[in-house]
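Chemist: Below is one structure. I have some questions about it.
The values are calculated or read from the model by the stated rules, or taken from the named source; none is laboratory data. Given the structure is predicted, the values throughout are model-derived calculations rather than measurements. Every residue, glycine as well, gets a Cβ built from its backbone with ideal geometry; the counts of neighbours run over all protein chains shown. Surface areas here come from the heavy atoms of the whole protein model, side chains and all, with no ligands, DNA or RNA. Shrake-Rupley method; radii C 1.70, N 1.55, O 1.52, S 1.80 Å.
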There are 2 protein chains.
Amino acid sequence: MVDTKLCPKFESAFEILGKRWTGLIIKALLSGCHRFGDMSEMIPQMSDRMLVERLKELESAGIVKRTVYPETPVRIEYKLTDKGKDLGKVMDQVQEWADKWVEPPKKEK
Amino acid sequence: MVDTKLCPKFESAFEILGKRWTGLIIKALLSGCHRFGDMSEMIPQMSDRMLVERLKELESAGIVKRTVYPETPVRIEYKLTDKGKDLGKVMDQVQEWADKWVEPPKKEK
DNA sequence: ATACTTACTTACAAAATGTAAGAAGATGAC
DNA sequence: GTCATCTTCTTACATTTTGTAAGTAAGTAT
């Protein structure tokens, strides 16, 4: 064993990233999704309830900014802050790893 | 909105990384921890029960290899496979992001 | 026989997530 | 006016995951 403890900042980062859906939501935002409905469509396995909850968490973590446009019907935009955009590098590495190591799911047949 | 779906491989990667403790366990393994007790010590907030469960998942995902040394008392080593070691780059990016953006927790005065 | 070590198991409670229905606020159709 | 529509949530309740703490197994050593 080398160290006796992990870096607290690293741990803190994974309190966010290590929650279900968070990574996918950030990826969706990086891909240009900005609206609730867009994200909900892009990640259909996730329920709206979870999306609401995660977006609130990401907002209070300073990763996402929520803006209301009082049009009709109301439009609400979720955008990554600088802090959030900086997660792009993390996501790129995840994508690279996934491309190299994840074999496509062989569910059917 | 740009795309209509996320990359399935990316999603698959986050089925693992997006679980509580997984990131910290991989980081511990990258830091030179190899034994159950070491990891349990390095991540004291996590219970043994969870460590067992996550290690099994990581093993069946091909990220960790478990080896038994029938000494006394028994020694069991957990090591990252090549697939697992390749997550080092992801973890490095997380660390970089955390160093830049995570402010140290201001719990107690 | 008892104790000691490591690596788990098990049972049960608590918390997170899934599911599905509903609600609010502004509008337009009838 | 009343009904329906759209989007973004909210609520209630079931299911699943995680937390907590005690216990087990195998191999020594005392």
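Chemist: For the range A:49-74, name all the residues that are away from every other protein chain (no Cβ under 14 Å) and in contact with a helix residue (DSSP H, G or I) (Cβ under 6 Å, 6 or more places away or on another chain).
Modeler: A:ARG66
Chemist: So, in the range A:75-108, exactly how many residues are open to solvent by 80 Å² or more (accessible area, probe 1.4 Å) and either part of a helix (DSSP H, G or I) or more than 12 Å from chain B (Cβ to nearest Cβ) (or both)?
Modeler: The number of residues fulfilling the criteria is 9.
Chemist: Among A:GLU96, A:GLU59, A:GLU103, which is within 16 Å of DNA strand C (Cβ to nearest atom) and either acidic (Asp, Glu) or within 29 Å of B:CYS33 (Cβ to Cβ) (or both)?
Modeler: A:GLU59 is the lone residue from the list that is within 16 Å of DNA strand C (Cβ to nearest atom) and either acidic (Asp, Glu) or within 29 Å of B:CYS33 (Cβ to Cβ) (or both).
Chemist: If you check B:GLY18, B:GLY37, which single one turns out to be more than 15 Å from A:PRO8 (Cα to Cα), facing chain A (nearest Cβ under 7 Å), open to solvent by less than 80 Å² (accessible area, probe 1.4 Å) and within 14 Å of DNA strand D (Cβ to nearest atom)?
Modeler: Result of the check over B:GLY18, B:GLY37: B:GLY18.
Chemist: List pairs: first residue in the range A:66-88 and in contact (Cβ under 8 Å) with a residue 60 or more places away in the chain, second residue open to solvent by less than 30 Å² (accessible area, probe 1.4 Å) and of a type in the set (A, V, I, L, M, F, W, C) anywhere in the structure, Cβ distance under 9 angstrom, at least six positions apart or on different chains.
Modeler: A:LEU87/A:LEU17; A:LEU87/A:ILE26; A:LEU87/A:ILE63; A:LEU87/A:LEU80; A:LEU87/B:VAL94; A:LEU87/B:TRP97
Chemist: Return the pair list, or none, for Cβ contacts closer than 8 Å from residues in the range B:34-63 that are touching a residue at least 40 places away in the same chain (Cβ under 8 Å) and assigned to a helix (DSSP H, G or I) to residues that are basic (Lys, Arg) and crowded, with 17+ Cβ neighbours inside 10 Å, at least 6 apart or on different chains.
Modeler: These pairs meet every condition: B:GLU57/B:LYS19.
Chemist: Please list, ordered by first then second residue, the pairs with beta carbon atoms under 7 Å, 6 or more apart or interchain, first in the range B:1-30 and in contact (Cβ under 8 Å) with a residue 60 or more places away in the chain, second open to solvent by 10 Å² or more (accessible area, probe 1.4 Å) and aromatic (Phe, Trp, Tyr).
Modeler: B:GLY23/A:PHE14
Chemist: If B:ARG66 satisfies every condition in (1) near DNA strand C (Cβ under 9 Å from one of its atoms); (2) open to solvent by 60 Å² or more (accessible area, probe 1.4 Å); (3) within 24 Å of A:ILE16 (Cα to Cα) but one, which is the exception?
Modeler: For B:ARG66, the failing item is (3).
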